[in-house]
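K.L.:
Right, I'll just put the structure down here and ask away after.
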Amino acid sequence: DGLTRPNMSDTERKRPNILITGTPGVGKTATASLIAEQIGFRHVNVGDLIKQHKCYDGRDEDLDTHILDEDKLLDLMETMFQECADENKGIVADYHSSELFPERWFDLILVLRARTEVLFDRLSQRGYGEKKRDENLEAEIMQVCLDEAKESYDKEIVVEVHSNTIEEMESNVDRCKIWVEQWIKDNA
């Protein structure tokens with residue numbers, strides 16, 4: 001709920017939390033881990049967390065993916081966010097979906113985008129089947145992740161950036177570092 005978010009970030013947290021989102025293959029995990037490493041934040045790969053703690057309710061064989069147990073995941077993450085706040089540490093989380101997380105958790109939503117030919121190659125290298133690859137390419141073309149982020153969070157904190165090359169990734173990391181430094185000045 002948008003009314004409590006500013007108070008929580010101002011009073012409880014001294015470091016911002018960032019969500020890196022986008023279609024599978026756009027570079028979320030690589031970008032998030034670089035940002036977290038360079039600014040001393042905790043990187044949370046939500047997909048890995050789901051697997052490690054078995055946060056799923058069965059499997060969708062047609063899409064070749066697990067069915068997420070959102071309650072189990074959110075309870076687990078809530079504890080992590082509180083621990084990091086207590087340790088005066090920010091979080092950089094990455095996941096392909098943004099709508100399931102409470103709005104109060106994040107201060108910046110970075111939506112990574114990639115050209116379809118770049119994404120096609122990355123997903124093919126991962127061994128994605130044709131159906132799964134095509135669905136992800138369509139999601140990127142239709143900007144599903146960007147629209148979801150804009151519908152789920154205050155538009156001022158949702159930033160769309162390109163992630164086609166190493167140079168663009170490095171630029172995104174640098175921009176994020178500058179943003180974090182400014183957030184800390186404004187909120188410390």
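The values are calculated or read from the model by the stated rules, or taken from the named source; none is laboratory data. This one's a predicted model, so the numbers in the text were calculated from it and none came from an experiment. Cβ: placed from backbone, ideal geometry, glycine included. Neighbour counts: every protein chain shown. Heads up: the accessible areas ignore ligands, DNA and RNA and are worked out on the full protein's heavy atoms, side chains in. Shrake-Rupley method; radii C 1.70, N 1.55, O 1.52, S 1.80 Å.
K.L.:
Would you kindly derive the ³J(HN,Hα) couplings of the stretch 171-177 from the backbone phi angles with the Karplus curve 6.51 cos²θ - 1.76 cosθ + 1.60 (θ = phi - 60°), listing them in order in whole Hz, with x for Gly and Pro?
P.N.:
These are the phi-based 3J(HN,Hα) values: 5, 5, 5, 4, 4, 5, 4 Hz.
K.L.:
Let me ask something else. How about the stretch 121-188: which trypsin sites (Lys or Arg not before Pro) there lie in a loop by DSSP and see at most 12 other Cβ atoms within 10 Å?
P.N.:
ARG126
K.L.:
Let me ask another. Rolling a 1.4 Å sphere over the protein heavy atoms, what is the accessible area per residue of the chain, to the nearest Å²?
P.N.:
Per residue, the chain has 53 Å² of solvent-accessible surface.
K.L.:
Expressed as an acute angle from 0 to 90° and rounded to the nearest 10, what is the orientation of the C-alpha long axis of helix 28-39 relative to the principal long axis of the chain?
P.N.:
Roughly 30 degrees, rounded to the nearest 10.
K.L.:
Here is a follow-up. Highest GNM mean-square fluctuation, the chain, Cα pairs closer than 10 Å: which of LEU119, LEU19, LEU63?
P.N.:
Largest GNM mean-square fluctuation: LEU63.
K.L.:
Using the crude model of +1 on Lys and Arg Cβ and -1 on Asp and Glu Cβ, and no other charge, please compute the dipole size for the chain relative to its Cα centre, in debye to 20.
P.N.:
580
K.L.:
Under the rule of -39500 (n - 2.57) per DSSP H run of 4 or more residues, summed and divided by the residues of the chain, what mean residue ellipticity at 222 nm is obtained, to the nearest 500 deg cm²/dmol?
P.N.:
-16000 deg cm²/dmol
K.L.:
Ignoring ligands, DNA and RNA, what percent of the 1.4 Å accessible area of the chain is carbon and sulfur?
P.N.:
47
K.L.:
May I ask which of LYS155/LYS177; LYS28/LYS155; LYS51/LYS185; LYS54/LYS150; LYS28/LYS54; LYS89/LYS155 have a Cα-Cα span longer than 27 Å here?
P.N.:
LYS51/LYS185; LYS54/LYS150
K.L.:
Would you mind checking the stretch 101-138 for residues with the amide N under 20 Å from a putative spin-label position 7 Å along Cα→C-beta of ILE178?
P.N.:
Counting backbone N atoms under 20 Å from the label point, the list is 107-113.
K.L.:
Another one. Give me the mean projected area, in nm² to one decimal, of the convex hull enclosing the Cα positions of the chain.
P.N.:
It is 10.4 nm².
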